[in-house]
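For reference, the structure discussed in these notes is given below.
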Amino acid sequence: MIDVNAYRDSYPFRPGVLALEFDLTYRGFEGSLAVVSLLVSPLRAIFWEEPQTANEYAHADIRSYQQKRAAGAEIPNQLLVAVINPTLRNWERSLEQSHKELGAVAIKLHPNYHTYHLTDSAARELLRACGEKGLPVIVQMRMQDTRSHHPLMQVPDVDINEVLEAAAATPQTTFVIGGIKWGEASSKANDINALPNVWLDISQCEVADVLRRLIRLFGAGKLLFGTHAPLFYIKSALLKLEEARLTAEERELITERNARELFRL
Amino acid sequence: MTIIDAHVHIGRFMPPFREGSDDFVADLIDSARSVGISRLVVTSLGNRGYTHYPTPQEFRAANDHVLEAMARFPDVLIGFCYVNPRYKEESLGEIDRCIVAGGMKGIKLWISQKASDSVVDPILARAAELGVPVLQHAWYKTTGNYPDESTPADVAAMARRHPTVNIIMAHLTGAGYRGVIDIAPYPNVHVDTSGGDPESTVVEFAVRELGAERVVFGSDAPGRSFGVQLGKVLGAGMEDERRELILHGNVERMLGL
């Protein structure tokens, strides 16, 4: 099982998210934690002016975590997703370092928190560069329901049209739309299906029987299991799978095979 | 283990969503069962969409749909009666029709008036006489509530005036930590876990501040997923005895099941 949308660090607007309960929850579901991989990005990178330092810290944390794993600890495998801010003049160096030195398996973008548009020239350059390096890009649509934002820090969601436009303009780059909502996915299904370089993380998609509906719209080959943990209860993402009564093949595609191929794991 | 979902919507306008189905209510029940939920407390907020200020004709028609669904699935569905307190006599009459005669088990108030407004008092007084709970919507929205949408502070004001009525304040995640703190002094107010994203730690916070006896599982399906919303309770850290209260014990006690 591969969770393509999880986080490290604390989140400034909610308590207790440091208490990762990955271990207990996944053990109950999968039987062995050794089969679980988490693609984690640093939450601090959203809020720090310079996210590369947060990527470096996350890399160091993950390395010590992996050492414990190598020593026999039954814990999930963690893989770094580096956050890049293309409005900083050093983004190319950060991208290169994340790719070559930090071992990032993907890049995550937060255009709304870092206040740029995917249509901006620097963002386009970054998207092209990721495509050339074979690094998938996760565009995170939102971190939290806008209705519950801090009143002095209300951050609008990323515009789905902007993401699809960028994906169409950079077809060699692999896009994962992180935290897409059901309304966005269902209303843009034709556009999304027309883009072979776009996949959907299901962590924030919700309506009754949402995963079955997503499969009907997109097929299991375009969907990726994600939890938005530790901000969301992992159990919620796991029960989303149960609610869909997946076939063995659908389950394998959504929870593992698509991610393994996309992120070259 | 029995799991009762205390906050579910049905409506004639809602389309079937299972492949090949022509029956929305059956789809909903099947979806709930896929994650182990066996009984649903249902309301209808309108036949053609959710109606903010329903006329008597509109809330009667909505409740007709619930009564029909209850008759079709008597072992699964528990109806709550939707009224608009701005129509006092018609609402009281509808409560008698749906609860006394029709077998519904509670009253649903949405956003036609704030819970703090005295216009709700006759409805709460009738709830006290009948010994039925009132499910009251509430939310704290940074982006702004609807004009007559209650906040948890409004629910607290309602509870203060009607201490003998069991009030279920809807939407724990929407009410948030501030909302839990607002209602904590009023032991007749419970909170349901329905709606909003499955943000971690908020269920544990509610249990810590209110006690598990005042927390009730709800989903807000079909706008939300049964599995995702149930995951809030099954994923929260607590003892099994407390979880059982939230998943069925508290609702059974309030509804006399």
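The values are calculated or read from the model by the stated rules, or taken from the named source; none is laboratory data. None of the values given here were measured: they were computed from a predicted structure. As a convention, Cβ positions derive from the backbone with ideal geometry for all residues, glycine included, and neighbour counts pool all protein chains shown. Each accessible area value is taken on the protein alone, full model and side chains, heavy atoms only, with ligands, DNA and RNA left out. Shrake-Rupley method; radii C 1.70, N 1.55, O 1.52, S 1.80 Å.
With all protein chains in place and a 1.4 Å probe, the accessible surface of region A:101-246 carries 50 percent carbon and sulfur. Heavy-atom accessible surface of the protein assembly as shown, averaged per residue, reaches 37 Å², computed with a 1.4 Å probe.
Rg and Dmax over the alpha-carbon atoms of chain A stand at 17.2, 48 Å. Leaving ligands, DNA and RNA out of it, report the carbon-plus-sulfur percent of the accessible area of chain B at a 1.4 Å probe. Carbon with sulfur: 50 percent of the solvent-accessible area.
With K and R counted +1 and D and E -1, the other residues having a Cβ less than 13 Å from that of A:E165 yield a net charge of -2. Take the Cα of A:S10, step 7 Å toward its Cβ, do the same at A:A60, and the gap between the two points is 1.8 nm. Averaging 1/r over every pair of different alpha carbons in region B:44-167 and inverting the result gives a Kirkwood radius of 14.5 Å. Rounded to the nearest 100 Å², what is the buried accessible area between B and A, both sides summed, probe 1.4 Å? Buried surface at the B/A interface: approximately 3000 Å².
Counted as membrane-span-like here are DSSP H helices of chain B whose alpha-carbon atoms extend 27 Å or more along the helix's own axis and whose Kyte-Doolittle mean is 0.0 or above; there are none.
Step through the table entries A:K181/A:K235; A:K108/A:K133; A:K235/B:K141; A:K181/A:K240; B:K88/B:K108; B:K105/B:K141, compare each Cα-Cα distance with 21 Å, and write down the pairs that go over it.
Details: A:K181/A:K235 18 Å; A:K108/A:K133 14 Å; A:K235/B:K141 26 Å; A:K181/A:K240 14 Å; B:K88/B:K108 14 Å; B:K105/B:K141 29 Å.
From A:K181/A:K235; A:K108/A:K133; A:K235/B:K141; A:K181/A:K240; B:K88/B:K108; B:K105/B:K141, over 21 Å: A:K235/B:K141; B:K105/B:K141.
In this structure, the amide hydrogen of B:H7, modeled 1.01 Å from its nitrogen in the peptide plane, lies closer than 5 angstrom to those of B:V41, B:S219, B:D220, counting only residues at least 5 positions away or on a different chain. Extending 7 Å from Cα along the Cβ direction at B:D121 and again at B:R160 yields two label points whose distance is 1.4 nm. Multiplying the residue separation of A:E132 and A:V35 by 0.36 nm and subtracting their alpha-carbon distance yields 31.9 nm.
For chymotrypsin sites (Phe, Trp or Tyr not before Pro), the sites in region B:1-51 that DSSP calls loop and that have at most 16 other Cβ atoms within 10 Å are B:F13, B:Y50. Label zone (B:R178, point 7 Å along Cα-to-C-beta; backbone nitrogen cut-off 12 Å) within region B:140-159: B:140-145, B:151-154.
Taking only the Cα atoms of region B:4-255, the ratio Rg/Rh comes out at 0.93, with Rh defined as the Kirkwood radius. How high is the relative contact order of chain A, given as a whole-number percent (alpha carbon pairs under 8 Å, six or more residues apart)? The value is 19 percent. Applying both filters, DSSP loop and at most 14 other Cβ atoms within 10 Å, to the GluC sites (Glu not before Pro) of region B:1-91 gives B:E19. Taking Lys and Arg as +1 and Asp and Glu as -1, the other residues whose beta-carbon sits under 15 Å from that of B:I246 total -2. For region B:22-37 and region A:143-196, what is the separation of their C-alpha centers, rounded to whole Å? Rounded to whole Å, the Cα centres lie 29 Å apart. Restricting the calculation to Cα atoms, every distinct pair contributes to the Kirkwood radius of region A:41-138, found to be 13.8 Å.
Over the protein assembly as shown, dividing the summed -39,500 (n - 2.57) contributions of all DSSP H runs of at least 4 residues by the number of residues returns a 222 nm mean residue ellipticity of -11000 deg cm²/dmol. With each label modelled as a point 7 angstrom along the Cα→C-beta vector, the B:A71-A:A248 pair spans 4.6 nm. Exposure here means at most 11 other Cβ atoms within 10 Å; with trypsin sites (Lys or Arg not before Pro) in a DSSP loop as sites, the longest stretch of chain A lacking them is A:90-263.
Would you mind getting me the FRET efficiency between B:D23 and B:R97? Use the beta-carbon distance for r and R0 = 22 Å, nearest 0.05. According to the calculation, E is roughly 0.30. Per-residue mean of foreign Cβ neighbours for B:188-199 is 4 (Cβ atoms of other chains, 10 Å radius).
The accessible-area loss of region B:209-230 on complex formation, taken against its chain alone with a 1.4 Å probe, reaches 40 Å² or more at B:R224, B:S225, B:V228.
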